[in-house]
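The values are calculated or read from the model by the stated rules, or taken from the named source; none is laboratory data. These figures come from a predicted structure and were not determined experimentally. A quick note on method: Cβ atoms are made from the backbone with ideal geometry, for glycine too, and the neighbour counts reach across all protein chains shown.
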Amino acid sequence: MKHHLVLRVVTKLLIPMIILFAFYVQFHGDYGPGGGFQAGVIFASAFILHGLVFGVAETQKVISPGILKATAALGVLLYAGTGLASMFFGGEFLNYSTLAATPVKGQHLGILLVELGVGITVASIMLSFFYIFSEQQKPQNTGSSTGKKQNTRRSKTGQFKKPNTEKDQRS
């Protein structure tokens, strides 16, 4: 899409705003609608837009598949680590009250960490799905091994068929 200058410029202007909105949804999720899952999808959509306009190869230069594997694991570890930290400090798994000096501060810190872990994981997995689904397979050679084009004939439905016998090739 190198010849679509306007599309490329508009995309470069939109991507920072999409990422900023993803951060807003992520960190406002404590107080209102939003949170990790929604923010992760919005964040990944910025890079998916980049991939659609500039090409997947260019997007993979920005965020490689290896980094996505690491960040997906990091998000899961952050989520699970928050739960294990709650248990370590004497509470139940994901009982955030024990994470800080007061239960209210512990709840706020715990939900922030858990939602951040969810957001990181969702963004990584969504972008990984985009990379996987955007891989194109090379077309297979349907001709003969000698490189000659084979005779085909049209059936009653309009479909082309390869000849099965020598008689079919003569007709």
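On the basis of being in a helix (DSSP H, G or I) and surrounded by 13 or more Cβ atoms within 10 Å (Cβ to Cβ), does Leu78 make the cut? Answer is yes for this residue. Is it fair to say Lys167 is part of a helix (DSSP H, G or I), on the phi < 0 side of the Ramachandran plot and at pLDDT below 90? In short, yes.
Which residues, taken from region 28-59, are aromatic (Phe, Trp, Tyr) and without any contact (Cβ under 8 Å) to a residue 24 or more places away in the chain? The answer is Tyr31, and nothing else. If you go through region 1-59 and pick out every residue that is closer than 30 Å to Leu109 by Cβ, over 16 Å from the mean Cα position of the chain (by Cα) and in a helix (DSSP H, G or I), you end up with 10.
Residue by residue, here is whether (1) in a helix (DSSP H, G or I); (2) under 30 Å from His4 (Cα atoms); (3) touching a residue at least 12 places away in the same chain (Cβ under 8 Å) holds:
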| site | (1), (2), (3) |
| --- | --- |
| Lys61 | yes, yes, no |
| Ala70 | yes, no, no |
| Thr82 | yes, no, yes |
| Met87 | yes, no, no |
| Leu94 | no, no, yes |
| Thr98 | yes, no, yes |
